[in-house]
Amino acid sequence: MPQFNFATVRRHLENREASLSPHAARSAAGRGRAVAEEPSPVRTEFQRDRDRIIHSKAFRRLKHKTQVFIAPVGDHFVTRLTHTLEVAQIARTITRALNLNEDLAEAIALAHDIGHPPFGHAGEQALADLAPEGFRHAEQSLRVVDKLERLNLTLEVLDGIVNSSKVREGIFAEAWGVPSTLEGQVVKVSDAVAYINHDIDDAVRAGLIGENELPREVHDILGDRHSQRINTLVCDIVEASWAAAGEEPDADAEVAIRMSDDVAAAANVLREFMFQRVYLLEDRQEETEQAKNVVRVLYEHYSQHPEEIESDFVILDDPPWQRAADYVAGMTDRYALATAARLGAPTAAGLLASGVTDERPR
């Protein structure tokens, strides 16, 4: 019987990656980490990154952070954590179908929102208006894994995280950078596939829209149900991006992650519908302003009193505003509301849900 050797395990793992598409990223040929480490005997570098993200404290706090609806009390509303898991699953399906590196896509997906502040985009906008250098959740996600939790992730994962944001103009519109790997590009589009669909369910559950109110081209092209829409989008991405699988006979075929024109147009119609009827709905503006005020109270208080921050989720040599931004961005919705109420914010009590737990960044 052959003697066991961990080098054999490692060789098998890397041989599996060698069989991927020629356009796939490979951990053995990657750009490495900022601080070199001994390789894991039973995991590739991208698998190791995935595990570090899952075991981080910031990842756990995603379970009590808003996706769209602020501090929801219903059991079935989407949170940052469930959204993240949906993005990871969609990205894994697409990368596996295209013979790309599933482990890399999963690691990027799990961390793409890890720096998102409480109260969703309302909290993000509040911090962007307050912080001297602005605030973007993708950049904060990079800061969380690189500076605050010091996970020492591979450069491919860091690149996918910081370039994961999208702009309102369209799913494939660019303003903040394109991931350097196809796997990162898959995560970026998977994020949109996930949220424009699960946000419909939440909006219907909240009574803001009826599913029969979706634009006609959405029904006709994407489908009538949640599962149909996601299946249509995922299958279309795989078909339109097939050159990425490395099996395209035309050597000059453009390798990119894309959708077909009609499906992309329908997806953008759905996305704009959600902006107008849900994300920017006038009836929700009072709640949004209340959430922004909570963030404003917290940020201003801790900027002026950084010594009151009881957390190792800050860097002591940073200026007070940066420490306050890191601390507030790390809070869950409920902890932010409870803390703001303790500090006397009048709007916090109105938003505060029952069963508040201590989910401060520590």
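Checked against the criteria, residue 217 does not count as more than 15 Å from residue 265 (Cα to Cα), more than 23 Å from the chain's Cα centre (by Cα) and not in a loop (DSSP other than H, G, I, E, B).
With respect to residue 288, determine if the residue is in contact (Cβ under 8 Å) with a residue 12 or more places away in the chain, farther than 22 Å from residue 201 by Cβ and among the hydroxyl-bearing types (Ser, Thr, Tyr). Let's see the steps before the verdict.
Numbers: in contact (Cβ under 8 Å) with a residue 12 or more places away in the chain: yes; farther than 22 Å from residue 201 by Cβ: no; among the hydroxyl-bearing types (Ser, Thr, Tyr): yes.
For residue 288, the condition - in contact (Cβ under 8 Å) with a residue 12 or more places away in the chain, farther than 22 Å from residue 201 by Cβ and among the hydroxyl-bearing types (Ser, Thr, Tyr) - is not met.
For residue 290, the requirement of being more than 19 Å from residue 141 (Cβ to Cβ) and either in contact with a strand residue (DSSP E or B) (Cβ under 9 Å, 6 or more places away or on another chain) or modelled with pLDDT under 95 (or both) is met. Of the residues that make up the stretch 106-124, is at least one among the aliphatic types (A, V, I, L, M) and modelled with pLDDT under 95? Yes, that holds for at least one residue. Does residue 258 fit the bill of being assigned to a helix (DSSP H, G or I) and not aliphatic (A, V, I, L, M)? In short, no. Of the numbered criteria (1) part of a helix (DSSP H, G or I); (2) more than 18 Å from residue 167 (Cα to Cα), the one residue 224 fails is (1).
Do we find a residue being of a type in the set (Val, Ile, Thr), closer than 30 Å to residue 22 by Cβ and out of contact with any strand residue (DSSP E or B) (no Cβ under 7 Å at 6 or more places or on another chain) anywhere in the stretch 62-80?
Of the residues in the stretch 62-80, the ones of a type in the set (Val, Ile, Thr) are 66, 68, 70, 73, 78-79.
Going one step further and asking which of them are closer than 30 Å to residue 22 by Cβ, we end up with none.
Among the residues of the stretch 62-80, not one is of a type in the set (Val, Ile, Thr), closer than 30 Å to residue 22 by Cβ and out of contact with any strand residue (DSSP E or B) (no Cβ under 7 Å at 6 or more places or on another chain), which makes the answer no.
In the stretch 335-347, the residues that are touching a residue at least 60 places away in the same chain (Cβ under 8 Å) form Cβ pairs under 7 Å with partners that are buried (at least 20 other Cβ atoms within 10 Å of the Cβ) and part of a loop (DSSP other than H, G, I, E, B), at six or more places apart or across chains, as follows: 335/359; 336/118; 337/71. Restricting attention to the stretch 166-204, the residues that are surrounded by fewer than 19 Cβ atoms within 10 Å (Cβ to Cβ) and either without any contact (Cβ under 8 Å) to a residue 40 or more places away in the chain or of a type in the set (A, V, I, L, M) (or both) add up to 9. Within the option set 87, 42, 68, 78, being modelled with pLDDT under 95, touching a helix residue (DSSP H, G or I) at 6+ places or on another chain (Cβ under 7 Å), within 30 Å of residue 245 (Cβ to Cβ) and not polar (S, T, N, Q) holds for one residue only, 42.
Residue check: is residue 209 assigned to a helix (DSSP H, G or I), modelled with pLDDT under 90 and more than 14 Å from residue 259 (Cβ to Cβ)?
Details: assigned to a helix (DSSP H, G or I): no; modelled with pLDDT under 90: yes; more than 14 Å from residue 259 (Cβ to Cβ): yes.
Answer is no for this residue.
Within the stretch 86-100, the set of residues being among the hydrophobic types (A, V, I, L, M, F, W, C) and either within 17 Å of the chain's Cα centre (by Cα) or assigned to a helix (DSSP H, G or I) (or both) comprises 87, 88, 90, 91, 94, 97. Does residue 116 satisfy being surrounded by 19 or more Cβ atoms within 10 Å (Cβ to Cβ) and outside any helix (DSSP H, G or I)? It is true that residue 116 is surrounded by 19 or more Cβ atoms within 10 Å (Cβ to Cβ) and outside any helix (DSSP H, G or I).
Among the residues of the stretch 1-28, how many are at pLDDT 90 or above and outside any loop (DSSP other than H, G, I, E, B)? So the answer is 4. Between 126, 97, the distinction of being touching a residue at least 24 places away in the same chain (Cβ under 8 Å), surrounded by fewer than 22 Cβ atoms within 10 Å (Cβ to Cβ) and either touching a helix residue (DSSP H, G or I) at 6+ places or on another chain (Cβ under 6 Å) or among the charged types (D, E, K, R) (or both) belongs to 97 only.
Within the stretch 152-187, the residues that satisfy the criterion of being assigned to a helix (DSSP H, G or I) and out of contact with any helix residue (DSSP H, G or I) (no Cβ under 8 Å at 6 or more places or on another chain) are 155, 185.
The values are calculated or read from the model by the stated rules, or taken from the named source; none is laboratory data. Everything numeric in this text was worked out from a predicted model, so none of it was measured. Backbone-built Cβ (ideal geometry, glycine too); neighbour counts: all protein chains shown.
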